[in-house]
Amino acid sequence: MCGTAGLFLGCEAALTCPLQLLRSPDAEAADQPYSSAFHSWDEKASVRTAPRRVLESPLPAHPFPPELVPVFRHPLVTQLPEPQQNFLLAQHLYRYLDFTTQLELVVVNGALLKLALQAEYGLSEPMRLDALRMMCDESYHALFSVDMKLQVTRAYGIAAPTDARAWFLTRLERLLCDMDPTAREVAKLLFVTVSETLISASLAEHNRGTAAPAAVRDMLQDHAIDEGRHHVFFAYFAKHLWARLDTAERLHAGRLIPHLIDAFLSADTGAIEGDLRSAGLSHDDAHQVATEIYLNGDVARQKRQAASRTMRYFAELDAFHDGSAQAELVRYGLVEVT
Ligand SMILES: [Fe+2]
Ligand SMILES: [Fe+2]
């Protein structure tokens, strides 16, 4: 299988890899020199230098900062007894950690594996070495996410759902299933580029809270610093990839990118409503909280803010010049409609 699981090695599709198409860059959009952000990776990467983050004792009252959990802006939630509030905070943290684990292992490392090992992607040797470094980083991010989830579960006695599939994976798979192999491969690379340039902003946001255990904040900080280097790589990779797409592929990509951004950033409101019901809210109250918190102008504005840098990279490549791409930006709330 050549796909999101990253099992390219040894698969039959390797012989007819659709990414053969990425061999010849458009002369007008030829690559600029690559400047690696990984020169001091051995001294700075979390996987090489950071200690294991261990929950401190005594534990803070909350497993995660309430100010960073959107539903805690709603009075129906802040009126709940503390054990139920802590349940919701822990579920938010678990969902984030599950999201991270699945993103790193299933999507990002799947793409990095190919970038590192296959010359057909046209990457220079320094870029392929950096792709390998990022695979080490991402594997470690998945490891410390699972480690922290288990620590929080044990320390706070709040169990996580057993089958917490990240919502973005379902949305991504729905998108990919109707595409031909070449379009699917390009879409996966675009999704990783989008996620790796969005993720450092979202991590910085998560690290602002002060009420969480120091170990949780340190883990988020470790991740954010590593992702800063990844961001630099993928900002360059966006140009590299774009230069290898033909006109039709660029048109398709321009329409797709808003959907990919939305798939990454949108909250799983169905799962959140389920958590709220488990915390004691009625079906109607849970729906009311999710609707009032997530379907309002503030969330749309935050999404535009989080996506602004990623969108700028693609706008500089003229990805959104077509009217249908503009319509998709509007559809997903990524441009303000006046
Ligand atoms: Fe990561
Ligand atoms: Fe990353």
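Descriptive notes on the structure:
- With a cut-off of 17 Å on the backbone N, the residues of the range 139-157 near the modelled label site 7 Å out from Leu117 along Cα-Cβ are 139.
- Multiplying each eigenvalue of the alpha-carbon gyration tensor of the chain by 5 and taking the square root yields semi-axes of 35, 24, 17 Å, largest first, rounded to whole angstroms.
- Subset of Lys44/Lys188; Lys149/Lys239; Lys188/Lys239 violating a 27 Å alpha-carbon distance limit: Lys44/Lys188; Lys149/Lys239
- Cβ-based net charge around Trp41, under 15 Å, with every Lys or Arg adding one and every Asp or Glu removing one: -3
- Residue exposure proxy: Glu292, Glu43, ordered by other Cβ atoms within 10 angstrom of their Cβ from fewest to most, comes out as Glu43, Glu292.
- Contour excess over end-to-end distance, with Cα ends at Cys177 and Ser308 and 0.36 nm allotted per residue: 44.4 nm
- Computed from phi, the 3J(HN,Hα) profile of the range 135-149 under the Karplus parametrisation 6.51, -1.76, 1.60 (θ = phi - 60°) reads 4, 5, 4, 5, 5, 5, 4, 5, 4, 6, 5, 5, 4, 5, 4 Hz, with x in place of Gly and Pro.
- Inter-label distance, nm, simple model (7 Å from Cα along the C-beta direction), Gln288/Val54: 4.6
- Charge tally for Ala159 (other residues, Cβ to Cβ under 14 Å; Lys, Arg +1; Asp, Glu -1): 0.
- Model label points for Arg73 and Arg165, set 7 angstrom from Cα along the Cα-to-Cβ axis, are 3.0 nm apart.
- Along the range 76-86 the Karplus relation, 6.51 cos²θ - 1.76 cosθ + 1.60 evaluated at θ = phi - 60°, assigns HN-Hα couplings of 5, 8, 6, 7, 5, x, 4, x, 5, 4, 5 Hz to successive residues, with x for each Gly and Pro.
- A crude spin-label estimate for the pair Leu129 and Ala300, with each label 7 Å from Cα along the Cβ direction, gives 4.8 nm.
- Sorted by Cβ neighbour density within 10 Å, fewest at the top, the residues His74, His223, His141, His62: His74, His62, His223, His141
- Over the chain, dividing the summed -39,500 (n - 2.57) contributions of all DSSP H runs of at least 4 residues by the number of residues returns a 222 nm mean residue ellipticity of -20000 deg cm²/dmol.
- Alpha-carbon centroids, the range 114-139 and the range 206-265: separation in whole Å: 16
- The C-alpha atoms of the chain define a longest principal axis, and helix 269-278 lies at about 20 degrees to it.
- Charge sum, other residues only, whose C-beta stays under 12 Å from Asp322's C-beta, Lys/Arg counted +1 and Asp/Glu -1: 0
Here, each number is a calculation from the coordinates, and none is a lab measurement. Owing to the predicted nature of the structure, the values given are computational and were not obtained by experimental measurement. Neighbour counts run over all protein chains shown; Cβ positions are idealised from the backbone, glycine included.
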